[in-house]
Amino acid sequence: MSLVLGIDTGGTYTDGVILEPGSQIIKTKAKALTTREDLTVGIRNCIKALGFGDLKSIKMVALSTTLATNAIVEGRGSEVGLILIGHEPIKSLPVQHYTVLGGGHDIKGRPLASLDLKAAREAISSFRGEVSALAVSGFLSIRNPEHELLIRDLVQEILEVPVVCAHQLTTSLGFHERSVTAVLNAKLIPIIAELIESVKLVLKEVGIQAPLMLVKGDGSLMSETMAREKPIETILSGPAASIIGATFITAVEEALVLDMGGTTTDIAILHEGVPRVNKEGAMVGGWLTRVQAAEINTYGLGGDSYLQVTKDKKLIIGPQRVWPLSVVASSYPYLVAELQELEENEQDLLSAQPTDCFMLLKQSAVESLTSTEEEIIKLLKTPHSLFYLAKKLGKDPNLINPERLVNIGVLARISVTPTDILHANGSYIEWNQEASRLGVKILAKRLGKGAKEFLEFAMENIINNLCLAVIQSVISFEGKNLWLKNSPDAMYFVEKVLNPETCNSVEVSIKVKFPIIAIGAPVQAYLPQVAEKLHTELIIPQHAEIANAIGAATGKVVEKVKILIKPGAEGGFILHAPWQRKGFIYLKDASDYGLAQAKEKAILAAEKAGAADYQLIVNCDDVYTAAGTSWKQDIYVETRIEVIAIGRPKWEDNGVKEKFFK
């Protein structure tokens, strides 16, 4: 018997599943809290919680993660240098150190200027000691990569740092987006490498000897070798794995997939059993990349979203993520006493929430700490409330602001979340229920409501926010550029849908035609009401709470190679491939050569990605445009060659080949 271990390291939980691919039977599953300060702890706890005795029968480990996405959003990563060839920066870039060299190419792949190798050597040498990786992006390098390749060779000769070429990551037009993609890929190299080494360390500890695969943003798998070279491919890995997991456990081919996690709710559309891919490229942390990833709409609403009551008596849910009171108080029960004191001695705050508590994540590397900040860090050897800190410091709590320490990752905020709402109303009681009840009482007083009334009000707000996310996603999937919250006219009707009791003279309803597949630990509490309001079918499959780990365990390897053939400027035809530009006299010769090369490269890519028993899907299209009235024949525009290699991951036990890929 050969088994797969799927692991998903999310913002709140690390999920694990052991699955037998041949029978599609889930042997065991488990969840453990993610330990962001040391991921190995959460992964180790998750594998231990699986309680599986025969770990040696695991023949593959597949990992999905939000690590790359979070690193980009938070601006983390290695210090990177960027060499631009043939063009100044078009817009701002996620890099401080860059230089511009002459060169680059035109749309036909002809040099705009020669590459000055002497100047290139000087530029590369200037990065010595300043950066730990280099990215290279040439103007229209996808039409001719020669200048990027020359710079790459020089970097490898002069500096001992990783080098990333933009043309190796994407074949799409867009000089700025390719440059961003190359820089972010270079920044992520040490982060993903550290993750891989951490996972392998835990696997070695528990005696698992199996190849490690990582989930890409489109839901397919790649080997650890490829992940080290192209870590940018792992952005949106976690949400993509959830979609693949949803298809595995439901077999539904047309649906909306809603994944509610700790930090976000991610919504994607399934068409013919596969997620729709964003053709423009994934947008992460405000940067548009050229990475092919599933088209996913992400909303800052999850089980750990921050619940705040404003001074004007409004309830705000998210998008910030905090630690639930119930979770932290389960390890530090004295927090209940601190909350009890707050509930009995109400104090007003100007900016913070009275339920706010804080805990130390790591010692600060920032030298310019204020004396108050230094005292706060000393007091938080264990978590405490804001009022506890104020009492110890002898200050008004309004004059204590740990916000900067939270923003730089030294402290974590603890407060009331949707997870606490479920604990307080008895829907979910995994952690400390009393801490949640006290937090709810405190916020209810601030809102001028009783605890029971507040719970109902909070639940209704969470459900309505999820409904709004579904409606917004449907609008986005239809290609409409309408952001509902920015349109008072649209929101008038949406409010009628979400709150039918306000429909005095006009009744408004919406019917979502796609069924909703709901996955994630909290969905059972909210999604039945969401489906009812949107008049749609709801599917909450078995194992919905670990669908992302299932998606990692059941993914396939998919590698694509694209080649473009265009008419030459002076006759003949020019083949543009990611690795070369080559001229031909006859179109047939160019097409035959291009097809043979694409197949060869697709096979190599699939094998490097860790595929076995792959099949090739070939698409070859000649594109013509209608001629004017003076021409009798249509005009040839280009030939597009695409070869897709699809295969199962390599296994030591060949006996499962046919069953796994049926």
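Checking each residue in segment 432-476 for being assigned to a helix (DSSP H, G or I), among the charged types (D, E, K, R) and free of Cβ contacts under 8 Å to residues at least 12 places away in the same chain picks out K452, E453, E456, E460.
E160 falls short on exactly one of the conditions (1) more than 21 Å from T65 (Cα to Cα); (2) not in a loop (DSSP other than H, G, I, E, B); (3) not β-branched (V, I, T), and that condition is (2). Whether any residue in segment 257-268 is part of a loop (DSSP other than H, G, I, E, B) and among the charged types (D, E, K, R) is what I want to check. No, every residue in segment 257-268 fails to be part of a loop (DSSP other than H, G, I, E, B) and among the charged types (D, E, K, R). I need the full set of residues from segment 38-94 which are over 30 Å from I151 (Cβ atoms) and among the β-branched types (V, I, T), in order please. Across segment 38-94, the qualifying residues are T40, V41, I43, I47, I58, V61, T65, T66. Close Cβ contacts (under 7 Å, 6 or more residues apart or on different chains) running from residues in segment 142-156 that are under 21 Å from R640 (Cα atoms) and not assigned by TED's automatic domain parsing to the domain that holds A577 to residues that are surrounded by fewer than 24 Cβ atoms within 10 Å (Cβ to Cβ) and among the charged types (D, E, K, R) comprise R143/K108; R143/R581; N144/R581. Considering segment 281-312, the residues that are at pLDDT below 85 and closer than 20 Å to L349 by Cβ include one that is surrounded by the most Cβ atoms within 10 Å (Cβ to Cβ), namely K311. Looking at segment 344-415, the helices (runs of 4 or more DSSP H) lying wholly inside it that each contain 2 or more residues that are within 16 Å of A329 (Cα to Cα) and at pLDDT 80 or above sit at 386-393. Here L149, L115 are screened, and the one residue that is surrounded by 15 or more Cβ atoms within 10 Å (Cβ to Cβ) and part of a helix (DSSP H, G or I) is L149.
Cβ-Cβ distances below 6 Å connect the following pairs, each with a first residue in segment 602-624 that is charged (D, E, K, R), a second residue that is outside any helix (DSSP H, G or I) and at pLDDT 85 or above, and a separation of six or more residues or different chains: D621/R640; D622/T639. When segment 171-219 is limited to residues that are surrounded by fewer than 23 Cβ atoms within 10 Å (Cβ to Cβ) and among the polar types (S, T, N, Q), the one that is nearest to G51 (Cα to Cα) turns out to be Q209. Among the residues of segment 391-404, is there at least one that is closer than 20 Å to T263 by Cβ and surrounded by 23 or more Cβ atoms within 10 Å (Cβ to Cβ)? Checked against the condition, which is being closer than 20 Å to T263 by Cβ and surrounded by 23 or more Cβ atoms within 10 Å (Cβ to Cβ), segment 391-404 yields no hits at all.
Check D622, D613 and return the single one that is among the charged types (D, E, K, R), on the phi > 0 side of the Ramachandran plot and outside the structural domain of G104 (by TED's automatic domain parsing).
Numbers: D622 fails: on the phi > 0 side of the Ramachandran plot.
Unique residue meeting the criteria: D613.
Here the strands (runs of 3 or more DSSP E) wholly within segment 1-94 that include at least 2 residues being at pLDDT below 90 are 3-9, 13-20, 25-33, 58-65.
With respect to I646, determine if the residue is in contact with a Gly (Cβ under 6 Å, 6 or more places away or on another chain) and either touching a residue at least 60 places away in the same chain (Cβ under 8 Å) or over 30 Å from L63 (Cα atoms) (or both). Reasoning before the result, please.
Numbers: in contact with a Gly (Cβ under 6 Å, 6 or more places away or on another chain): no; either touching a residue at least 60 places away in the same chain (Cβ under 8 Å) or over 30 Å from L63 (Cα atoms) (or both): yes.
For I646, the condition - in contact with a Gly (Cβ under 6 Å, 6 or more places away or on another chain) and either touching a residue at least 60 places away in the same chain (Cβ under 8 Å) or over 30 Å from L63 (Cα atoms) (or both) - is not met.
Every condition in (1) in contact with a His (Cβ under 8 Å, 6 or more places away or on another chain); (2) in a helix (DSSP H, G or I) is met by V530 except one, and the failing one is (1).
The selection criterion, being outside the structural domain of F358 (by TED's automatic domain parsing), within 28 Å of the chain's Cα centre (by Cα) and either closer than 21 Å to K313 by Cα or crowded, with 20+ Cβ neighbours inside 10 Å (or both), does not hold for I421.
The values are calculated or read from the model by the stated rules, or taken from the named source; none is laboratory data. The structure displayed is predicted, hence computed values, not measured ones. Reconstructed Cβ throughout: ideal geometry from the backbone, glycine too, with neighbour counts over all protein chains shown.
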